[in-house]
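Here it is: the structure, laid out below.
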Amino acid sequence: MNQIVRHFFCFGAPIATDSILSERIPPQKNAFQVGQWSQSQDFKVLKLPLLESDKVYGFGQSLGGFNKRGQSIVSYCTDDPVHTEEKKSLYGAHNFFVVTSTECFMGVFVDASCRVTYDLGLKKRNQLTINLADPDYRLLILEAPTLKTLMDEWFEWIGKPYLPPIWGLGYIQSRWGYKSAQDIRDVLEQFEAHRIPLDGICLDIDYMERYKDFTVDPETFPDFENLCTETREKGVHLLPIIDAGVKIEAGYEVYEQGVEKGYFCTNAEGFPFVGAVWPGLVHFPDFLNEDARIWFGSHYKQLMDVGIDGFWNDMNEPAIFFTPERLKEVKELFQKAEPDALDVMPFFELLDGARTLINNDGYQRDFFHQIGGRKVVHERVHNQYGYRMTQSAHGAFRALSSERKVLFSRASLIGAHRHGGLWMGDNASWWSHLKLNMTMLVGMNLCGFLYIGADTGGFSHDVEPELLIRWHQLSMFTPLLRNHSALGTQPQEPYVFEKWALDALRASIQWRYRMIFWQFSNLLKATLQKDLLFKPLEWVFEGAEPTDTQVIYADALMLAPVLDRNQSSRIVSIPEKMLMLKLDAEGNFEGSFIEAGLHRIPVALHEQIVYLKKNKFLVLNDAMKHVCELDKTHLTCVGFVEGEGTLDLFDADQTYGYEDGDFESVHFTIKNVEADYHITQKGSIEDLKRIDWVFFKHNEITVQKRMEVDEYEDA
Ligand code: MIG
């Protein structure tokens, strides 16, 4: 097979998701026939026999390793903060997966926003089953000879991922519990005092006046505009949170407008639906209604007007703590209970009643959307809600400003990848969640999400410094690098720890900043060239043994951080000869060659160890404290060349111009000719004037070559 084969189907009358941006072929209506696939008569169940050797990747934000075979996954945006192994749904609904077999790569996209259940060989080892709650949906099946051709085709359908401005790759400090402007100033001061690079501070729900979206508490944040200016002058951006629910309160503009214009979701009787979240009783903006979406988005302007250029959107599954109706039912249950003679079963009913107040599945049938003049029950389109909120914000950003904003969200569906990034939700300060962070990267990339990262250090529970340090050693490569923790947990900012830990954390963060030009370049390149940033080993090194504890970044670096407590070394599987780079706390690096095989590698807490692929480069810029100080005039490129190496660098400003080709790129070809290197260049980046090449050769001898960029021969 050496060509793309496309199959596109439409069953029933689906409600548009806009997940697919361009239909490359028209869908076949109410018919389905592809290879070994079979289906139930109503198309709600699809089956694919798996070969023993097939692997199944994808499903975005989901549990498990890279290969999901053997698992069951339920695609249904869920606010469940306890990500234990048995869970089937997290915040995102990412219905794309890739089956790799010996013959081809098969990409499958279930274009639906209802609940979809996947059995990936759990019940029967060699059978994949898809089960949809709603028979109206579309289905795309792509077959391709290579992963790259599959990605090329897949991204043509769904469109390019969102790209943040480069400062979005800087370090972002966050915590649920910063209660006042003074708290924010303290964080700023501490970062300065401890010389830790910083680009953003998140404002969690406490900055709002009683949790009302687009308000700022006048008592705790009295001089908000000054705070923003002051922070920005120091090179740091504030990122306020915006929640989905809008507080019901007379006189509150957003609430009053929403009611007046009919922009909230309604109940069966046609009145605005009422649920409770942080603000107390709220209405939910009908993000599926385009007018409502634009209206809600326009409110971001209030914060943008005082200089805010980054946001995070939360609670948009949507999370619902309770509804007054359900609370009434549960209250009656309790009232009826006889404390002196309560039987066991009624007791458990009570318990379940209370437990199922929060995020009760039944709520999804209690409210409705207006979609193109049609009333649609939420359950059918549940997975679109968070995505459409992200779209609402992004739409406003584009309408209001020519510069890109930082945006990351919690709930999502494929399609949201064009509008914002994602964080991985409420993880815990567990070693298992550091591992999960690594494996989720690939699945999420496959589903289009590139600007992603977990709550580094873990959200719930107290973090141990060692876990936080090891976590940074992974997160220093994720485009979104945010340290976030929950109210009530031990503080988790780098500076609260003892010196040994602080030094190690600072070292990781500084290395991130030394790589920031390259990391942004890699992100931009992946966006433009329809590629993933993170891949499992076996996709980059043919024949490599799969492992869930190592991952490839940008086709160049293998990341293998320590993932367990009390370890000063770890086993690393080296797929072919690589250059092991040791990045120390002083900013120096050392390299040594390492041959294919299993190796036990010492990894001290304060060192970053990464493994570079042959003929690829790690690119460094000078250290700095904030991305705005980035000096692009000279870079250091580190690598080893046997035969011919290549390096692509990309750059773009903060505008949306890159979408129309307004970006710069340079492609270097590096040939090793005897003791020397012959470098040619195609294209250029205006700011980039000089490159120091550091080539490692056998016996660890390095060859240094300093070149003004205009000395290169044109390729
Ligand atoms: O119900 O705003 O995932 O990052 O700190 C919890 C408070 C609400 C959940 C988010 C988390 C955030 C928290 N939010």
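If you add up the charges near residue 18, with Lys and Arg at +1 and Asp and Glu at -1, over every other residue whose beta carbon is less than 11 angstrom from its beta carbon, what do you get?
0
What is the distance in Å between the Cα centroid of the range 552-571 and that of the range 415-493?
16 Å
Now for a separate question. From the convex hull of the Cα coordinates of the range 48-207, what is the mean projected area in square nanometres? Numbers along the way, then the final one.
On the way: hull surface 51.7 nm².
If you wrap the Cα atoms of the range 48-207 in a convex hull and average its projections, you get 12.9 nm².
For the range 550-657, give the magnitude of the charge dipole about the Cα centre (Cβ charges: +1 Lys/Arg, -1 Asp/Glu; no others), in debye to the nearest 20. Let's see the in-between values first.
Working: 10 positive and 16 negative charges, 98 e Å.
Rounded to the nearest 20 debye, it is 480 debye.
Before I look further, what does the range 28-168 give for accessible area per residue, probe 1.4 Å, in whole square angstrom?
Accessible area per residue, the range 28-168: 36 Å².
With the crude spin-label approximation of a point 7 Å out along Cα→Cβ, what separation in nm comes out for residue 125 versus residue 351?
3.7 nm
Once you order the gyration tensor axes a ≥ b ≥ c over the Cα atoms, which shape class does the range 520-622 get: rounded for a/c under 1.5, otherwise prolate or oblate by comparing a/b with b/c?
Values: a/c = 1.66, a/b = 1.19, b/c = 1.39.
The shape class here is oblate.
In addition: Is the shape of the range 580-676 rounded, prolate or oblate, going by the alpha carbon gyration tensor and its root eigenvalues a ≥ b ≥ c, with a/c under 1.5 for rounded and a/b larger than b/c for prolate?
On the way: a/c = 2.26, a/b = 1.35, b/c = 1.67.
In terms of gyration-tensor shape, oblate.
May I have the pair-distance distribution P(r) for the range 155-242, computed from all Cα-Cα distances with 5 Å bins from 0 and rounded to whole percent?
3, 13, 23, 23, 15, 9, 6, 4, 3, 1
Bin width 20 Å, origin at 0, all Cα-Cα pairs of the chain: what percent of pairs per bin?
Pair shares across the bins are 17, 51, 29, 3, 0.
Moving on. Report the net charge of residues surrounding residue 112, where surrounding means a beta-carbon distance below 11 angstrom and charges are Lys +1, Arg +1, Asp -1, Glu -1.
Values: positive: 44, 115, 138, 380; negative: 111, 134, 136.
So the surrounding residues net to +1.
Right, another one. What distance in nm separates the simple spin-label points at residue 598 and residue 628, each placed 7 Å from Cα in the Cβ direction?
For the pair residue 598/residue 628, the computed spacing is 5.1 nm.
Give me the net charge for the shell around residue 656: Cβ to Cβ below 11 angstrom, other residues only, Lys and Arg +1, Asp and Glu -1. Before the final figure, lay out the partial values.
Values: positive: 398, 404, 405; negative: 403, 653, 659, 660, 662.
That works out to -2.
When the Kirkwood radius is taken over all Cα pairs of the range 62-132, what Stokes-Einstein diffusion coefficient follows at 4 °C and 1.567 mPa s, in µm²/s? Walk me through the numbers on the way to the answer.
Numbers: Rh = 12.8 Å.
Rounded to a whole number, D works out at 101 µm²/s.
Next question, about the same structure. With charges only on Cβ, +1 for K and R and -1 for D and E, what is the dipole size of the range 119-181 about its Cα centre, in debye, rounded to 20?
Numbers: 8 positive and 7 negative charges, 100 e Å.
In debye, rounded to 20, the range 119-181 gives about 480.
What FRET efficiency comes out for residue 682 versus residue 399 if R0 is 41 angstrom and r is the Cβ-Cβ distance? Round to the nearest 0.05. Walk me through the numbers on the way to the answer.
Values: r = 37 Å, r/R0 = 0.90.
Step by step, r from the Cβ atoms, then E = 0.65.
Label 7 Å along Cα→Cβ of residue 101; the range 140-176 residues with amide nitrogen under 14 Å?
Under cut-off, by backbone N: 142-145.
Right, something else. Would you mind calculating the gained length between residue 229 and residue 256 on full extension (0.36 nm times residue separation, minus the Cα-Cα distance), in nm to one decimal? Working shown, then result.
On the way: separation 27, 0.36 × 27 = 9.72 nm, distance 3.05 nm.
Contour length minus the Cα-Cα distance gives 6.7 nm.
Once phi is turned into θ = phi - 60°, what whole-Hz ³J(HN,Hα) does the Karplus curve with 6.51, -1.76 and 1.60 give for every residue of the range 82-98, x standing for Gly and Pro?
Whole-Hz 3J(HN,Hα) from phi for the range 82-98: 10, 8, 8, 4, 7, 5, 10, 10, 10, 6, x, 10, 10, 8, 10, 9, 10.
Here's another thing I want to ask about it. Give the Kirkwood hydrodynamic radius (Å, one decimal) of the range 1-120, defined as one over the mean of 1/r across all pairs of different Cα atoms.
On the way: mean 1/r = 0.0633 Å⁻¹.
For the range 1-120, the Kirkwood estimate is 15.8 Å.
Say R0 is 45 Å: what FRET efficiency, to the nearest 0.05, do residue 708 and residue 21 get from their beta-carbon distance?
On the way: r = 42 Å, r/R0 = 0.94.
Approximately 0.60, to the nearest 0.05.
In square nanometres and to one decimal, what's the mean projected area of the convex hull around the Cα atoms of the range 424-538?
7.3 nm²
What does the extension gain come out to for residue 82 and residue 281, with contour length at 0.36 nm per residue minus their alpha carbon separation? Display every interim value, and only then the final one.
Values: separation 199, 0.36 × 199 = 71.64 nm, distance 2.47 nm.
Going from the current span to full extension adds 69.2 nm.
Going out from 0 in 5 Å bins, what whole percent of all Cα-Cα distances in the range 228-354 drops into each bin?
Per 5 Å bin, starting at 0, the Cα pair percentages come out as 2, 9, 15, 16, 14, 11, 10, 8, 6, 5, 3, 2, 1, 0.
Continuing with the same structure: Can you give the accessible area per residue of the range 584-715, in Å², using a 1.4 Å probe?
Details: 6560 Å² over 132 residues.
Accessible surface, normalised per residue, equals 50 Å².
For the chain, with all protein chains present and a 1.4 Å probe, just round the carbon and sulfur fraction of the accessible area to a whole percent.
48 percent
Report the gain in length on full extension from residue 343 to residue 210: 0.36 nm times residue separation, minus Cα-Cα distance, nm rounded to one decimal. Numbers along the way, then the final one.
Working: separation 133, 0.36 × 133 = 47.88 nm, distance 4.14 nm.
Contour length minus the Cα-Cα distance gives 43.7 nm.
How large is the dipole of the chain about the Cα centre if only Lys and Arg carry +1 and Asp and Glu carry -1, each at its Cβ, rounded to the nearest 20 debye? Don't skip to the end; give the middle numbers.
Working: 71 positive and 102 negative charges, 343 e Å.
Computed about the Cα centre, the dipole is about 1640 debye.
Okay, moving on. Using 7 Å Cα-to-Cβ label points, what is the residue 499/residue 567 separation (nm, one decimal)?
2.9 nm
The values are calculated or read from the model by the stated rules, or taken from the named source; none is laboratory data. Note that the structure is predicted; figures quoted are calculated from it, not measured. Positions of Cβ are generated from backbone atoms using ideal geometry, with glycine treated the same way; all protein chains shown enter the neighbour counts. Just the protein is used for accessible areas: all its heavy atoms, side chains included, with ligands, DNA and RNA removed. Shrake-Rupley method; radii C 1.70, N 1.55, O 1.52, S 1.80 Å.
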